[in-house]
Amino acid sequence: MNYDVCDYELRCMYRMKKIGIVLIGLLCAGCFCRAQQPRVVTGDEQTSRYFPLLKEKRIALFSNHTGMVGDKHLLDVLTENDFNVAMVFSPEHGFRGHADAGEHVNGSTDPQTGVPIVSLYDGKTGKPDETSMRNFDLLVIDIQDVGLRFYTYYISMLRLMDACAEYGKEVLLLDRPNPNGHYVDGPLLERKHRSGVGALPIPVVHGMTLGELAQMINGEGWLTDGRRCRLTVIPCLNYSHTTLYRLPIAPSPNLPTMKAVYLYPSLCFFEATPVSLGRGTSLPFQVYGHPRMTGYTYSFTPRSMPGAKKPPQQDRLCHGVNLSTLSDEEIWAKGIDLSYLIDAYRNLNEGDRFFTSFFERLIGVDYVRKMIEEGKSAAEIKAMWKEDVEGFKKRRKPYLLYPDPPNPPNQP
């Protein structure tokens, strides 16, 4: 017998055995992780829980392109199951989600189902008229939010809830996760700064799902004259405020990636300045720059494109910063980061002309602009709203539907 060959074969068998043990271990670990983190099931997927509530009701649906149940839109699911959908209410960006930010969208008809679409973003009141309200019994809400005070979908929901309370209509909300639901940050909106981009006394990042926020709207008496609407929420399954939920569909044209969704709380303030935040590029809400900013190696040129027909600084070479290379963990750890805004403010050296009056509508308070102009740091400004954040966390607690750690970190 050739003992060298035998030893070699034994060594190979031993190594294969070790590899097999490692592979089995990895497979078991993978199975364990999946068992520990089951898939989040959104409200609209739980048809057995809400189909019985829709029987013999005239239904109005508040939704857009994000209202998907698997590979079908909820509108199609409802009509295929012979429910009576009387109309669809659509928010900013329209029912299909293609319109620019702030662009007025007219009503239309869904070509597949023939259901009328009533736009809540047609430049009028933002609320349905009496004729629309008389034509349904129950409002179904299914739309993907991103958890920010200046993201307008919740404002449309608020106005619809108010109308439903006025006309005695029921509201059924099919909840979805909040991709920024793992933290709360920013000052509370002061009443004098209420607008179409800020309607409630909540922080910039409120950390709640629409279902939780709707319950808080009812419970805190935030509807007209403190009235309440008849609200039912179908919560998500397997979701908590530490769940890292990645959106399967971009919620609006200029939030195409999760990086943009995570940076949005910090970069949206550039909307109230001459600085471009990347609208009209492949990296909206992931870069910032201006033709007269100096000392940067990165540059970009905004162009007219769908979802950004007339972007700020269109066709001009902008110099600035590319934040798309940041890791998600870095963004989560910082929360709202005003250092980007302060950097551009100091570089352009325009003083108060850097800001428009829109800035206070976005940030919600007067002191932030003043502190930036006084040369304060992002950390000093952030410390000013710490009590706002802690107070809001306590106030919202009775309305939460999902587990919230005692001291939530600023990241999942």
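Packing-based ranking of 339-346, 382-389 yields 339-346, 382-389, ordered from highest to lowest mean Cβ neighbour count within 10 Å. Among HIS206, HIS241, HIS319, the ranking by other beta carbons within 10 Å of each residue's beta carbon, starting with the fewest, stands as HIS319, HIS241, HIS206. When +1 charges are put on Lys and Arg Cβ atoms and -1 charges on Asp and Glu Cβ atoms, the dipole computed for the stretch 318-357 relative to its Cα centre reaches about 180 debye. Karplus-derived 3J(HN,Hα) values for the stretch 319-328, using 6.51 cos²θ - 1.76 cosθ + 1.60 with θ = phi - 60°, are 10, x, 10, 9, 9, 5, 7, 5, 6, 4 Hz; glycine and proline are entered as x. Straightening the chain between GLU220 and TYR167 buys 17.1 nm, computed as 0.36 nm per residue apart minus the Cα-Cα spacing. With semi-axes defined as the square roots of five times the eigenvalues of the C-alpha gyration tensor, the equivalent ellipsoid of the stretch 258-386 measures 22, 17, 14 Å, largest first.
Rounded to the nearest 0.05, the FRET efficiency derived from the C-beta distance between ASP352 and GLU56 at R0 = 60 Å is 0.50. Checked against a 18 Å cut-off, the cross-linked pairs LYS72/LYS127; LYS72/LYS309; LYS55/LYS169; LYS334/LYS382; LYS259/LYS309 give Cα-Cα distances beyond that limit for LYS72/LYS127; LYS72/LYS309; LYS259/LYS309.
Of the peptides 165-172, 137-144, the ranking by mean beta-carbon count within 10 Å, highest at the top, reads 137-144, 165-172. About its Cα centre, the stretch 258-386 has a charge dipole of approximately 360 debye under the convention of +1 per Lys or Arg Cβ and -1 per Asp or Glu Cβ, with nothing else charged. Model label points for GLU390 and SER327, set 7 angstrom from Cα along the Cα-to-Cβ axis, are 3.0 nm apart. Please report the spacing between the Cα centers of the stretch 65-93 and the stretch 256-322 in Å, no decimals. Taking the Cα centre of the stretch 256-322 as reference, the centre of the stretch 65-93 is 33 Å away.
Note that the stretch 196-207 has calculated 3J(HN,Hα) couplings of x, 10, x, 10, 10, x, 10, x, 4, 10, 8, x Hz, one per residue in order, obtained from phi through the Karplus relation 6.51 cos²θ - 1.76 cosθ + 1.60 (θ = phi - 60°); glycine and proline are x. Potential lengthening of the chain between SER304 and GLU373 amounts to 21.6 nm, from the contour at 0.36 nm per residue minus the alpha-carbon distance. Backbone amide hydrogens, once placed in the peptide plane, bring VAL69 within less than 5 Å of LEU74, excluding anything fewer than 5 places away on its chain.
Determine, for each peptide in 325-337, 149-161, the mean count of other beta carbons within 10 angstrom over its residues, then list the peptides with the highest first.
Details: 325-337: 15.9, 149-161: 23.1.
Highest to lowest by the protection proxy: 149-161, 325-337.
Sequence-ordered 3J(HN,Hα) estimates for the stretch 155-169 from the Karplus curve with 6.51, -1.76 and 1.60 and θ = phi - 60° stand at 5, 4, 4, 4, 5, 5, 4, 5, 5, 5, 5, 5, 9, x, 9 Hz, glycine and proline given as x.
No value in this document is a laboratory result; all are computed from the given coordinates. The structure displayed is predicted, hence computed values, not measured ones. Cβ coordinates were reconstructed from backbone atoms using ideal geometry, including for glycine residues, and neighbour counts include every protein chain displayed.
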